[in-house]
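Accompanying notes for the structure given below.
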Amino acid sequence: MAKTKTKVDPKLLEEVANIAAEKALEFLEKEKKRQQKQKRDRRLRNTKLLLKHYRAFKLHCQDVKVELEKLQDPELLEELDTEEFAVESIKRSKERTLAMVKFIDQMLLVYRIMCEQSGKPEDLRRYQTIYWMYISDEKKTADEIAEGHNIDRRTVYKDINNACQALSALIFGVDGIRMID
């Protein structure tokens, strides 16, 4: 049986190639947007985690200078009977936590000033919500905050999300904002 060669129309072949290329570009664009959204979500999640643990970080840093000095004491090092790299690791961790707390404090101050200067009552309420929920020595619940502002409990969580988006931009810089397509 003899094989017959079929001729493929070059225009049809070109059209199929163009369609395939368009579909591939669409897929790549969707994938890029998905990855960008995932990055933004991580930043927002990280901002919320920083706020959630803020009080613990502050406690951790209260006597950090004294603790760092103690970690330099040769007698203490002998008592601890630890290797030098473990002590260095502890010192680095404490120093990084202190630096992070100072940075968060600065960004919270900037956010508070932004909210005060906006002239919008909801912006000030958002800062106060974040403050009472995560920053102040006296923690308030969402119900207490809602009652204090005469708003619904769901609004408290919406305020937290909006405030965290603004704080993400301050904490992570341009990488923390959503780029408009």
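The values are calculated or read from the model by the stated rules, or taken from the named source; none is laboratory data. Note that the structure is a prediction, hence the values are computed from the model and not measured. Backbone-built Cβ (ideal geometry, glycine too); neighbour counts: all protein chains shown. For the accessible areas, the whole protein counts, side chains as well, though only heavy atoms, and no ligand, DNA or RNA atoms are used. Shrake-Rupley method; radii C 1.70, N 1.55, O 1.52, S 1.80 Å.
Points worth noting:
- Rounded percent of accessible protein surface that carbon and sulfur make up, region 94-143, 1.4 Å probe: 52 percent
- Taking label positions 7 Å along the Cα-Cβ direction at both Gln106 and Asp63, the computed distance is 2.8 nm, reported to one decimal.
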